[in-house]
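Just so it is clear, none of the values below were taken in a lab; they were calculated from the coordinates. In this text the structure is predicted, and so the values were computed from the model without any measurement. Here Cβ is always computed from backbone atoms with ideal geometry, including for glycine, and neighbour counts include all displayed protein chains.
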Amino acid sequence: MNRMLAGAALAALLLASPAFAQVERREIGNQILENVPVAAPSIRAGLNRYQNVRAAAFQDWAADGGMLITTRFANTNQLHSVAAPGADRSQLTFYDEPVSGVHALPGGGVLFAKDTGGDEWFQLFVRDADGHETQLTETGTRNGSPAWSKDGSVLVWARSTKGSGDADILMRDTAAPGGARVILKGEGAISPEAVSPDGKTVLLGRYYSIGESKRWLLDIASGKLIPLGVSKTKVSYAGGAFTPDGKSVLLLSDEGGDFMRLTQIDLATGARTIVSGADRPWDIEDFALSHDGRVLAYVVNEDGFSKLVVQDVRTKRALPQPALPAGVVGGLAFSADGEKLGFSLSTPTASSDAWSWGVTDGQLQRWTASELGGLDAKALATPELVRFTSFDKRSIPAFIYKPRLAAGQKAPVIIDIHGGPEGQSRPTFSPIHQHFVGELGAAVIVTNVRGSSGYGKTYLNLDNAEKREDSVKDIGALLDWIKTQPDLDPSRVVVYGQSYGGYMSLAVMTHYSDRLAGGVERYGISNFASFLTNTEAYRRDLRRAEYGDERDPKMQKVFEVISPMNSVAKISKPMLVMQGWNDPRVPRSESDQVVAKLREQGVETWYVQFKDEGHGFLKKSNNDRRREVETQFLQKVLAIPPQ
């Protein structure tokens, strides 16, 4: 070896050695970047069109017959009103923090929620017809799940306090100190689902896990709780609404089957009737009942795509159905007169927008047309639904976005794993997926490994507790499948995920680092024991139900095996880690400890932190930085030439 090459080799060895590891740190406002090179201006220029895409989400019908939506015109999503289809969006709230959970209240006024820096300690606000905003809740508490009576005289919600896993049920009462009083000292994750038409009864739900929840009726005057839908087996319920006569309740239930079905429970007899879903091997995931009880609408999740069904309640006859493009529908609500159904719709090539369907006239109307930031919708990638076979012969679904390739060319691959773990990747519009395909020339595979929702509770439970790493093996099977595809490059694959998907990214890197070019993880679990100890108290028991109890010696041994922190030495390829400082779910300590361990092992590790974000990055300025860094990292590890 000549002297120059020997010197270069020694320098490379010293730089890779933990003893010589250096951290280059830059702070830009609330953003901290460690070991991240300064980006070329061309990177942000290439991202601009994708980052300037807007979206609008239908929230509710306004008192004047218009729509209430959330959309972003500056840094965060705020409340807007739209008077008619295609009309201008009129901004109603002007906060630095995003606004969510918007509801129109009877008699005028709008209820909405807002936290601080992504900490998820939500406060509820009421905006009256004159634009005056009043905070309804006590600062320092966590509030959500509001419900109200038909005339608006009763308004209830759930409140949690620091250090407690229990929630109380509060009711607005102007005669009480602070304007609210506790009507039930709750236990666990309990929350209102609906208030009876006469305002005397609250339908309550308690969430234990994705596979178990319960329902009760709370008599407001006496405080008496009456169990509803009692079963000898574990049942998962979702949502709930009283019928207009107050004699029964509609809700989603998986009792007696593998999928969620729309069920009606008679309050006098307890009799259950399956309204819809008995003949469908898919979940019903959302529903709405018109105020007069005449029309029912519900959404079926068919292999990730939404099917919207509208039917007459009395005859159960299907009414004229909207012909929607293939995508995902959510946020159903009928107008006060029952003539229009409002909803949000997102497709792979169109950002989320607010729509309505005329129940009587059969007219489909698009109320908002969100800008694509200058992108050509016709040039965007449409995902293909594929399935691959895993280690136990089980079929695993995934959506794949592919770039346009020259003959004989192979695309690098980005495997994107959703969070949850009880989540599901859906064919919605994703600016970052489109950017990876259109600008980096990469194929994106969005997986729904075992444990994902949307495929029945049997599939959902396949990764519980000690079976956790079976889902990691699914990614191993996907790597095998990639090798069989003539247009995919198995030597250039990156794993990418957030939250639970961040854990999966770390875990996949510990098992298959030799088959990967690198990994990207955002606010992922690095050690299950420390995660369960440090996550917020109101979530801890809920997560134990999914992952296992870290206090159980048997699970302690399992966690020692499956926690990525204990296998970091197996990671040999570069990693990008991102974290919000205010994350109540996966605290910053999870990222700090894995970054320190990776660097100790000499692994190239980029670390990006946002002081004003929580679990997910909701401010445009931070997302701009996040995607700029992701682009830099992916270009480097996938050997993609800069544009």
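Around Gln311, under 11 Å between beta carbons, what's the net of Lys plus Arg minus Asp minus Glu among the other residues? The partial results should precede the final answer.
Details: positive: Arg294, Arg314, Lys316, Arg317; negative: Asp312.
With Lys, Arg at +1 and Asp, Glu at -1, the neighbours total +3.
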Practice problem: Compute the long axis of helix 553-562 from its Cα atoms, compare it with the longest principal axis of the Cα atoms of the chain, and write down the angle in degrees, 0 to 90, nearest 10. | Solution: 50
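Identify the trypsin sites (Lys or Arg not before Pro) of segment 520-562 meeting these criteria: DSSP loop state and at most 13 other C-beta atoms within 10 Å of the C-beta.
Numbers: sites: Arg522, Arg539, Arg540, Arg543, Arg544, Arg551, Lys554, Lys557; in loops: Arg551.
Sites meeting the loop and neighbour criteria: Arg551.
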Quiz item: Measuring from centroid to centroid over Cα atoms, what is the spacing of segment 142-168 and segment 249-316 in Å?
Solution: 25
Quiz item: Among 108-119, 275-286, 498-509, what's the highest-first ranking by average C-beta atoms within 10 angstrom per residue?
Solution: 498-509, 108-119, 275-286
Practice problem: Normalising by the residue count of segment 145-246, find the relative contact order in percent from Cα pairs under 8 Å and 6+ residues apart. | Solution: 21
Quiz prompt | Karplus-derived HN-Hα couplings along segment 476-490 (A = 6.51, B = -1.76, C = 1.60, θ = phi - 60°), whole Hz, x at Gly and Pro | solution = x, 5, 5, 4, 4, 5, 4, 5, 8, 8, x, 10, 10, 9, x
Quiz prompt | Net lengthening on full extension, Asn534/Ala271 (0.36 nm per residue, minus Cα-Cα) | solution = 90.4 nm
Practice problem: For the chain, find the longest principal axis of its Cα atoms and tell me its angle to the long axis of helix 3-16, 0 to 90°, nearest 10. | Solution: 30
Quiz prompt | Dipole of the chain [Lys/Arg +1, Asp/Glu -1 at C-beta], most positive-end residue of Thr243, Val299, Val594 | solution = Val594
Quiz item: How many angstrom lie between the C-alpha centres of segment 368-394 and segment 70-128?
Solution: 29
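Run the numbers on the chain and let me know its relative contact order in percent, using alpha-carbon pairs under 8 Å that are six or more apart. Spell out each step's value before the answer.
Values: 1531 pairs, mean separation 79.4, N = 643.
In percent, rounded to a whole number, it is 12.
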Quiz item: Taking amide H positions as placed 1.01 Å from N in the peptide plane, with prolines and chain starts having none, which residues 5 or more places from Leu488, or on another chain, fall under 5 Å of its amide H?
Solution: Ala411
Quiz item: When the Debye formula is applied to the Cα atoms of segment 62-136, each taken as the same point scatterer, what base-10 log of I(q)/I(0) results at q = 0.14, 0.19, 0.27 Å⁻¹?
Solution: -0.42, -0.77, -1.39
Quiz item: Non-local amide H neighbours of Gly188 (under 5 Å, H modeled in plane, Pro and chain starts lacking H): which ones?
Solution: Asp166, Ala167
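Which value, in debye to the nearest 20, describes the size of the charge dipole of the chain about its Cα centre when Lys and Arg Cβ atoms bear +1, Asp and Glu Cβ atoms bear -1, and nothing else is charged? Walk me through the intermediate numbers first.
Numbers: 72 positive and 75 negative charges, 234 e Å.
Result for the chain is approximately 1120 debye, rounded to the nearest 20.
In segment 156-198, which trypsin sites (Lys or Arg not before Pro) are in a loop and have at most 15 other Cβ atoms within 10 Å, using DSSP for the loop call? Write down the numbers at each step before the final one.
Values: sites: Arg159, Lys162, Arg172, Arg181, Lys185; in loops: Lys162, Lys185.
Listed in order of number, the matching sites are Lys162, Lys185.
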Quiz item: Kirkwood-based Rg over Rh for the chain (C-alpha set), two decimals?
Solution: 0.97
Practice problem: Return the sequence-ordered ³J(HN,Hα) values of segment 23-31 in whole Hz as given by the Karplus equation 6.51 cos²θ - 1.76 cosθ + 1.60 applied to θ = phi - 60°, using x for Gly and Pro. | Solution: 10, 8, 10, 10, 10, 10, x, 8, 9
Practice problem: Mind checking which of Ala407, Ile445, Gly338 is farthest towards the positive end of the chain's charge dipole, using Cβ charges of +1 (Lys, Arg) and -1 (Asp, Glu) about the Cα centre? | Solution: Ala407
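If you add up the charges near Glu604, with Lys and Arg at +1 and Asp and Glu at -1, over every other residue whose beta carbon is less than 10 angstrom from its beta carbon, what do you get? It would help to have the intermediate numbers written out before the result.
Numbers: positive: Lys573, Arg599, Lys636; negative: none.
For residues surrounding Glu604, the net value is +3.
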Quiz item: What angle, in degrees between 0 and 90 and rounded to the nearest 10, separates the Cα long axis of helix 41-51 from the longest principal axis of the Cα atoms of the chain?
Solution: 20
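Which value in deg cm²/dmol, rounded to the nearest 500, describes the helix-derived mean residue ellipticity at 222 nm for the chain, given -39,500 (n - 2.57) per DSSP H run of n ≥ 4 and division by the residue count?
My calculation for the chain gives -6000 deg cm²/dmol from helical runs alone.
Once you have the Kirkwood Rh of segment 145-246 from its Cα pairs, apply Stokes-Einstein at 20 °C and 1.002 mPa s and quote D in µm²/s.
Working: Rh = 14.0 Å.
D, rounded to a whole number, is 153 µm²/s.
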Quiz prompt | Size of charge dipole - segment 62-136 - debye, nearest 20, with Cβ of Lys, Arg +1 and Asp, Glu -1, no other charges | solution = 220
Quiz item: Considering only the chain, what is the antiparallel percent among its DSSP beta bridges, to the nearest 5?
Solution: 80
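List the chymotrypsin sites (Phe, Trp or Tyr not before Pro) within segment 348-391 that DSSP assigns to loop and that have no more than 11 neighbouring Cβ atoms inside 10 Å. Let's see the in-between values first.
Values: sites: Trp355, Trp357, Trp367, Phe388, Phe391; in loops: Trp367, Phe391.
Passing both the DSSP loop test and the Cβ count: Phe391.
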Exercise. Among the aspartates and glutamates, select those whose C-alpha is under 15 Å from the C-alpha of Lys557, and discard any that sit fewer than 8 residues away in the same chain.
Key: Glu466, Glu469, Asp549
